[in-house]
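Trainee: Mind having a look at this structure? Questions to follow.
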Amino acid sequence: MSSSTTSGPAAATAAVDPAELRRVHGFVSAFTRRQAARTVDFPGGFAALDDAYALSHGNNHLLVDGPTDPEALPGRAEELLAHLSHRTVYVLDGPDAEACAEALVRAGYDRATVLLMRYGGPVPELGGAREVDLPALKGPAAESWRRFLPEAGDEVVRDLVERRAARLRGAPDVRFLASHDEWGEVASWADLYLDPASGVAQIEDLVTAAAHLGQGHAGVVLDSALRLAADAGCATVFLTALADDWPSRWYERRGFVPVSAVHCFERA
(Lines give C-alpha, C1' and ligand atoms only; values in the text may rest on other atoms or scores of the structure.)
Protein backbone atom coordinates (compact mmCIF):
# COMPACT_ATOMS: atom_id res chain seq x y z
CA MET A 1 0.00 0.00 0.00
CA SER A 2 1.32 3.37 -0.99
CA SER A 3 0.90 6.53 1.00
CA SER A 4 1.88 10.17 0.92
CA THR A 5 1.84 13.19 3.16
CA THR A 6 -0.11 15.17 0.57
CA SER A 7 -3.81 15.52 1.27
CA GLY A 8 -6.81 15.87 -0.95
CA PRO A 9 -10.43 14.85 -1.39
CA ALA A 10 -11.23 11.24 -2.11
CA ALA A 11 -12.81 10.41 -5.42
CA ALA A 12 -16.41 9.24 -5.32
CA THR A 13 -16.64 5.50 -4.81
CA ALA A 14 -18.77 3.21 -6.93
CA ALA A 15 -21.53 1.01 -5.56
CA VAL A 16 -20.18 -2.40 -4.61
CA ASP A 17 -21.65 -5.56 -3.13
CA PRO A 18 -21.11 -5.34 0.65
CA ALA A 19 -19.93 -8.96 0.79
CA GLU A 20 -17.33 -8.27 -1.88
CA LEU A 21 -16.15 -5.16 -0.06
CA ARG A 22 -15.76 -7.20 3.13
CA ARG A 23 -13.58 -9.65 1.20
CA VAL A 24 -11.41 -6.83 -0.12
CA HIS A 25 -11.02 -5.30 3.35
CA GLY A 26 -10.35 -8.78 4.73
CA PHE A 27 -7.66 -9.32 2.11
CA VAL A 28 -5.93 -6.06 3.10
CA SER A 29 -5.98 -7.00 6.78
CA ALA A 30 -4.86 -10.59 6.20
CA PHE A 31 -2.03 -9.56 3.88
CA THR A 32 -0.78 -7.02 6.42
CA ARG A 33 -0.80 -9.60 9.22
CA ARG A 34 0.92 -12.31 7.21
CA GLN A 35 3.57 -9.98 5.82
CA ALA A 36 4.52 -8.64 9.26
CA ALA A 37 7.35 -10.17 11.26
CA ARG A 38 5.20 -9.64 14.35
CA THR A 39 1.87 -8.06 15.26
CA VAL A 40 0.43 -6.49 18.39
CA ASP A 41 -3.36 -6.42 18.65
CA PHE A 42 -5.44 -3.62 20.14
CA PRO A 43 -9.24 -3.10 20.10
CA GLY A 44 -10.19 -2.50 16.46
CA GLY A 45 -6.81 -3.13 14.88
CA PHE A 46 -3.18 -4.11 15.24
CA ALA A 47 0.37 -2.93 14.84
CA ALA A 48 2.28 -4.59 11.98
CA LEU A 49 6.02 -4.54 12.66
CA ASP A 50 9.22 -5.69 10.99
CA ASP A 51 12.59 -4.66 12.40
CA ALA A 52 14.34 -5.83 9.23
CA TYR A 53 12.78 -2.87 7.39
CA ALA A 54 12.51 -0.34 10.20
CA LEU A 55 12.53 2.67 7.83
CA SER A 56 9.64 1.36 5.73
CA HIS A 57 6.34 2.87 6.81
CA GLY A 58 4.51 0.16 4.89
CA ASN A 59 6.07 -2.51 7.12
CA ASN A 60 5.76 -0.67 10.43
CA HIS A 61 2.41 0.92 11.14
CA LEU A 62 -0.95 0.61 12.84
CA LEU A 63 -3.90 -0.73 10.84
CA VAL A 64 -7.41 0.04 12.08
CA ASP A 65 -9.76 -2.52 10.53
CA GLY A 66 -12.65 -2.54 12.99
CA PRO A 67 -14.50 -0.49 15.64
CA THR A 68 -12.00 1.34 17.83
CA ASP A 69 -11.64 4.27 20.21
CA PRO A 70 -10.51 7.13 17.95
CA GLU A 71 -9.23 9.27 20.83
CA ALA A 72 -6.94 6.45 21.95
CA LEU A 73 -5.22 6.11 18.54
CA PRO A 74 -2.49 8.76 18.93
CA GLY A 75 -1.47 7.24 22.26
CA ARG A 76 -1.47 3.71 20.82
CA ALA A 77 0.78 4.86 17.99
CA GLU A 78 3.20 6.44 20.46
CA GLU A 79 3.28 3.26 22.53
CA LEU A 80 3.49 0.65 19.78
CA LEU A 81 5.75 2.59 17.38
CA ALA A 82 7.98 4.15 20.06
CA HIS A 83 11.08 2.37 18.72
CA LEU A 84 10.70 3.93 15.27
CA SER A 85 11.54 7.33 13.80
CA HIS A 86 8.08 7.64 12.24
CA ARG A 87 4.43 7.23 13.19
CA THR A 88 2.11 5.78 10.55
CA VAL A 89 -1.53 4.78 10.96
CA TYR A 90 -3.80 3.31 8.28
CA VAL A 91 -7.58 3.31 8.79
CA LEU A 92 -9.87 1.26 6.58
CA ASP A 93 -12.95 3.15 5.44
CA GLY A 94 -15.80 2.65 7.88
CA PRO A 95 -18.01 4.31 10.50
CA ASP A 96 -15.07 5.35 12.70
CA ALA A 97 -12.81 6.63 9.90
CA GLU A 98 -13.63 10.34 10.20
CA ALA A 99 -13.48 10.32 13.98
CA CYS A 100 -10.06 8.63 13.77
CA ALA A 101 -8.97 11.25 11.26
CA GLU A 102 -10.00 14.11 13.53
CA ALA A 103 -8.08 12.67 16.49
CA LEU A 104 -4.93 12.01 14.47
CA VAL A 105 -4.91 15.37 12.68
CA ARG A 106 -5.23 17.10 16.06
CA ALA A 107 -2.18 15.10 17.17
CA GLY A 108 -0.13 16.51 14.31
CA TYR A 109 -0.51 13.83 11.64
CA ASP A 110 -0.63 14.57 7.92
CA ARG A 111 -3.49 12.88 6.08
CA ALA A 112 -3.76 11.26 2.67
CA THR A 113 -6.41 9.07 1.06
CA VAL A 114 -5.50 5.89 -0.79
CA LEU A 115 -8.26 4.49 -2.98
CA LEU A 116 -9.09 0.82 -3.20
CA MET A 117 -9.95 0.42 -6.89
CA ARG A 118 -11.69 -2.69 -8.25
CA TYR A 119 -11.34 -3.84 -11.84
CA GLY A 120 -14.63 -3.81 -13.72
CA GLY A 121 -13.60 -4.39 -17.31
CA PRO A 122 -13.14 -7.46 -19.50
CA VAL A 123 -10.30 -9.88 -18.86
CA PRO A 124 -7.48 -9.18 -21.33
CA GLU A 125 -6.85 -11.97 -23.79
CA LEU A 126 -3.09 -11.56 -23.65
CA GLY A 127 -0.52 -10.02 -21.39
CA GLY A 128 3.09 -10.14 -22.43
CA ALA A 129 4.86 -9.67 -19.11
CA ARG A 130 6.60 -12.60 -17.49
CA GLU A 131 7.27 -13.68 -13.94
CA VAL A 132 10.65 -12.67 -12.52
CA ASP A 133 12.54 -13.30 -9.31
CA LEU A 134 13.43 -10.72 -6.67
CA PRO A 135 17.03 -10.04 -7.78
CA ALA A 136 15.78 -8.94 -11.21
CA LEU A 137 13.83 -6.06 -9.63
CA LYS A 138 16.40 -4.73 -7.15
CA GLY A 139 18.22 -2.43 -9.56
CA PRO A 140 15.13 -1.00 -11.27
CA ALA A 141 13.33 -0.57 -7.93
CA ALA A 142 16.30 1.27 -6.40
CA GLU A 143 16.42 3.63 -9.39
CA SER A 144 12.71 4.34 -9.13
CA TRP A 145 12.81 5.05 -5.39
CA ARG A 146 15.67 7.51 -5.86
CA ARG A 147 13.55 9.21 -8.51
CA PHE A 148 10.43 9.33 -6.31
CA LEU A 149 12.25 10.23 -3.07
CA PRO A 150 15.36 12.21 -4.05
CA GLU A 151 15.93 13.28 -0.42
CA ALA A 152 15.98 9.69 0.89
CA GLY A 153 19.25 8.28 2.14
CA ASP A 154 20.76 4.95 1.13
CA GLU A 155 19.35 3.17 4.20
CA VAL A 156 15.81 4.23 3.37
CA VAL A 157 16.16 3.13 -0.25
CA ARG A 158 17.62 -0.18 0.92
CA ASP A 159 14.58 -0.91 3.12
CA LEU A 160 12.13 0.11 0.40
CA VAL A 161 13.82 -2.19 -2.11
CA GLU A 162 14.52 -5.15 0.16
CA ARG A 163 11.07 -5.17 1.79
CA ARG A 164 9.62 -6.88 -1.28
CA ALA A 165 10.95 -10.16 0.16
CA ALA A 166 8.52 -9.84 3.08
CA ARG A 167 5.60 -9.73 0.66
CA LEU A 168 6.16 -13.38 -0.17
CA ARG A 169 4.51 -14.11 3.19
CA GLY A 170 1.52 -11.88 2.51
CA ALA A 171 -0.69 -14.06 0.30
CA PRO A 172 -1.03 -17.72 -0.64
CA ASP A 173 0.39 -16.99 -4.09
CA VAL A 174 2.73 -14.03 -4.68
CA ARG A 175 4.23 -13.27 -8.09
CA PHE A 176 6.47 -10.52 -9.44
CA LEU A 177 5.81 -9.57 -13.05
CA ALA A 178 7.89 -7.52 -15.48
CA SER A 179 7.77 -6.25 -19.04
CA HIS A 180 11.15 -6.13 -20.79
CA ASP A 181 12.54 -3.99 -23.58
CA GLU A 182 14.07 -5.40 -26.75
CA TRP A 183 17.44 -5.79 -25.01
CA GLY A 184 15.98 -7.76 -22.13
CA GLU A 185 16.09 -4.94 -19.58
CA VAL A 186 13.25 -4.64 -17.08
CA ALA A 187 11.05 -1.74 -18.23
CA SER A 188 8.00 -1.99 -15.98
CA TRP A 189 7.04 -4.26 -13.07
CA ALA A 190 4.41 -4.99 -10.43
CA ASP A 191 3.46 -7.39 -7.65
CA LEU A 192 0.51 -9.75 -7.95
CA TYR A 193 -1.02 -11.24 -4.79
CA LEU A 194 -3.49 -14.09 -5.29
CA ASP A 195 -5.88 -15.73 -2.82
CA PRO A 196 -7.94 -18.17 -4.89
CA ALA A 197 -9.81 -19.43 -1.80
CA SER A 198 -11.40 -16.01 -1.29
CA GLY A 199 -11.48 -15.15 -5.01
CA VAL A 200 -9.55 -11.91 -4.40
CA ALA A 201 -6.32 -10.67 -5.98
CA GLN A 202 -4.35 -7.45 -5.58
CA ILE A 203 -2.00 -5.72 -8.03
CA GLU A 204 0.52 -3.51 -6.24
CA ASP A 205 3.53 -1.29 -6.95
CA LEU A 206 3.10 -0.95 -10.70
CA VAL A 207 6.15 1.11 -11.71
CA THR A 208 7.87 1.97 -15.00
CA ALA A 209 11.56 2.79 -15.28
CA ALA A 210 12.26 6.41 -16.25
CA ALA A 211 13.85 5.41 -19.55
CA HIS A 212 10.73 3.52 -20.62
CA LEU A 213 7.91 5.88 -19.70
CA GLY A 214 5.21 6.28 -22.32
CA GLN A 215 6.10 3.08 -24.18
CA GLY A 216 3.15 0.94 -23.07
CA HIS A 217 5.04 -1.34 -20.69
CA ALA A 218 2.82 -0.58 -17.69
CA GLY A 219 -0.24 -1.66 -19.69
CA VAL A 220 1.49 -4.91 -20.61
CA VAL A 221 2.17 -5.66 -16.94
CA LEU A 222 -1.35 -4.69 -15.89
CA ASP A 223 -2.98 -6.85 -18.58
CA SER A 224 -0.76 -9.79 -17.64
CA ALA A 225 -1.70 -9.48 -13.97
CA LEU A 226 -5.42 -9.34 -14.79
CA ARG A 227 -5.14 -12.40 -17.02
CA LEU A 228 -3.24 -14.38 -14.37
CA ALA A 229 -5.74 -13.38 -11.68
CA ALA A 230 -8.64 -14.59 -13.80
CA ASP A 231 -6.83 -17.84 -14.57
CA ALA A 232 -6.34 -18.36 -10.81
CA GLY A 233 -10.07 -17.99 -10.18
CA CYS A 234 -9.90 -14.52 -8.61
CA ALA A 235 -12.99 -12.66 -9.81
CA THR A 236 -12.26 -9.63 -7.62
CA VAL A 237 -9.07 -7.77 -8.55
CA PHE A 238 -8.14 -4.51 -6.88
CA LEU A 239 -5.23 -2.14 -6.50
CA THR A 240 -4.41 0.97 -4.48
CA ALA A 241 -3.78 4.51 -5.73
CA LEU A 242 -3.52 7.92 -4.11
CA ALA A 243 -6.79 9.79 -4.55
CA ASP A 244 -5.14 13.05 -5.60
CA ASP A 245 -2.45 11.75 -7.94
CA TRP A 246 -2.53 11.00 -11.68
CA PRO A 247 -2.20 7.16 -11.53
CA SER A 248 -5.73 6.86 -10.12
CA ARG A 249 -7.07 8.53 -13.26
CA TRP A 250 -4.92 6.29 -15.47
CA TYR A 251 -6.33 3.23 -13.69
CA GLU A 252 -9.86 4.52 -14.19
CA ARG A 253 -9.24 4.70 -17.94
CA ARG A 254 -8.04 1.08 -17.75
CA GLY A 255 -11.30 -0.11 -16.15
CA PHE A 256 -10.72 0.31 -12.39
CA VAL A 257 -13.28 2.07 -10.20
CA PRO A 258 -12.91 3.28 -6.60
CA VAL A 259 -14.94 1.14 -4.20
CA SER A 260 -13.43 2.09 -0.83
CA ALA A 261 -10.44 3.84 0.71
CA VAL A 262 -7.68 3.58 3.25
CA HIS A 263 -7.07 6.77 5.21
CA CYS A 264 -3.34 7.21 5.80
CA PHE A 265 -1.79 9.30 8.56
CA GLU A 266 1.91 10.02 8.98
CA ARG A 267 4.02 12.02 11.40
CA ALA A 268 7.78 12.24 11.45
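Trainee: Does at least one position in the range 222-238 carry a residue that is more than 30 Å from ASN60 (Cα to Cα) and of a type in the set (Phe, Trp, Tyr)?
Mentor: Within the range 222-238, none of the residues are more than 30 Å from ASN60 (Cα to Cα) and of a type in the set (Phe, Trp, Tyr).
Trainee: Assuming GLU125 fulfils every condition listed in (1) open to solvent by less than 60 Å² (accessible area, probe 1.4 Å); (2) touching a residue at least 40 places away in the same chain (Cβ under 8 Å) apart from one, which condition is it?
Mentor: So the condition that GLU125 fails would be (1).
Trainee: Continuing with the same structure: Which one of LEU226, LEU194, LEU168, LEU242 is closer than 21 Å to LYS138 by Cα and not β-branched (Val, Ile, Thr)?
Mentor: LEU168
Trainee: While we're looking at this one, here's another question. Based on this model, can you work out whether LEU116 counts as out of contact with any Cys (no Cβ under 9 Å at 6 or more places or on another chain), at pLDDT 95 or above, among the hydrophobic types (A, V, I, L, M, F, W, C) and open to solvent by less than 10 Å² (accessible area, probe 1.4 Å)?
Mentor: So LEU116 fits the description; yes.
Trainee: Give me the strands (runs of 3 or more DSSP E) completely within the range 71-141, filtered to those with at least 2 residues that are touching a helix residue (DSSP H, G or I) at 6+ places or on another chain (Cβ under 8 Å) and not aliphatic (A, V, I, L, M), ordered by residue number.
Mentor: In the range 71-141, 87-92, 110-119 are the strands (runs of 3 or more DSSP E) which contain 2 or more residues that are touching a helix residue (DSSP H, G or I) at 6+ places or on another chain (Cβ under 8 Å) and not aliphatic (A, V, I, L, M).
Trainee: I've got another one for you. Within the range 229-241, track down each residue that is in contact (Cβ under 8 Å) with a residue 60 or more places away in the chain and either touching a strand residue (DSSP E or B) at 6+ places or on another chain (Cβ under 6 Å) or on the phi > 0 side of the Ramachandran plot (or both).
Mentor: THR236, VAL237, PHE238, LEU239, THR240, ALA241
Trainee: Among the residues of the range 97-107 satisfying the criterion of being closer than 21 Å to VAL28 by Cβ and touching a residue at least 24 places away in the same chain (Cβ under 8 Å), which is most open to solvent (accessible area, probe 1.4 Å)?
Mentor: The selected residue is ALA99.
Trainee: Would you check if ASP154 is within 19 Å of the chain's Cα centre (by Cα), among the acidic types (Asp, Glu) and open to solvent by 40 Å² or more (accessible area, probe 1.4 Å)? If you could, list the steps in order and put the result at the bottom.
Mentor: Values: within 19 Å of the chain's Cα centre (by Cα): no; among the acidic types (Asp, Glu): yes; open to solvent by 40 Å² or more (accessible area, probe 1.4 Å): yes.
It is false that ASP154 is within 19 Å of the chain's Cα centre (by Cα), among the acidic types (Asp, Glu) and open to solvent by 40 Å² or more (accessible area, probe 1.4 Å).
Trainee: Take GLY94 and tell me if it is closer than 30 Å to GLY66 by Cα and surrounded by fewer than 16 Cβ atoms within 10 Å (Cβ to Cβ).
Mentor: no
Trainee: Let me ask something else about it. Condition check: within 23 Å of LEU21 (Cα to Cα) and not hydrophobic (A, V, I, L, M, F, W, C). Does PRO140 satisfy that?
Mentor: No: the conditions fail for PRO140.
Trainee: Continuing with the same structure: Filter the range 142-151 down to the residues that are in a loop (DSSP other than H, G, I, E, B) and not acidic (Asp, Glu) and list them by number.
Mentor: From the range 142-151, those in a loop (DSSP other than H, G, I, E, B) are 149-151; that's our starting set.
Those that are in a loop (DSSP other than H, G, I, E, B) and not acidic (Asp, Glu): LEU149, PRO150.
Trainee: Please work out which one of (1) hydroxyl-bearing (Ser, Thr, Tyr); (2) open to solvent by 20 Å² or more (accessible area, probe 1.4 Å); (3) in contact (Cβ under 8 Å) with a residue 60 or more places away in the chain is the condition SER29 fails and give its number.
Mentor: (2)
Trainee: Taking ASP110 and the conditions (1) under 25 Å from HIS25 (Cβ atoms); (2) crowded, with 18+ Cβ neighbours inside 10 Å; (3) in contact with a strand residue (DSSP E or B) (Cβ under 6 Å, 6 or more places away or on another chain), which numbered condition does it fall short on, given that it satisfies the others?
Mentor: So ASP110 meets the others, but not (2).
Trainee: What number of residues within the range 34-70 satisfy the criterion of being of a type in the set (A, V, I, L, M, F, W, C), surrounded by 15 or more Cβ atoms within 10 Å (Cβ to Cβ) and part of a loop (DSSP other than H, G, I, E, B)?
Mentor: Of the residues in that region, 3 qualify.
Trainee: Taking the stated definitions as given, is ALA152 touching a residue at least 12 places away in the same chain (Cβ under 8 Å) and among the aliphatic types (A, V, I, L, M)?
Mentor: no
The values are calculated or read from the model by the stated rules, or taken from the named source; none is laboratory data. As the structure is a computational prediction, the values presented were derived from the model and not from experiment. Using ideal geometry, Cβ is built from the backbone for each residue, glycine included, and neighbour counts are taken over all protein chains shown. Accessible surface is based on the protein model in full, side chains and every heavy atom, while ligands, DNA and RNA are left aside. Shrake-Rupley method; radii C 1.70, N 1.55, O 1.52, S 1.80 Å.
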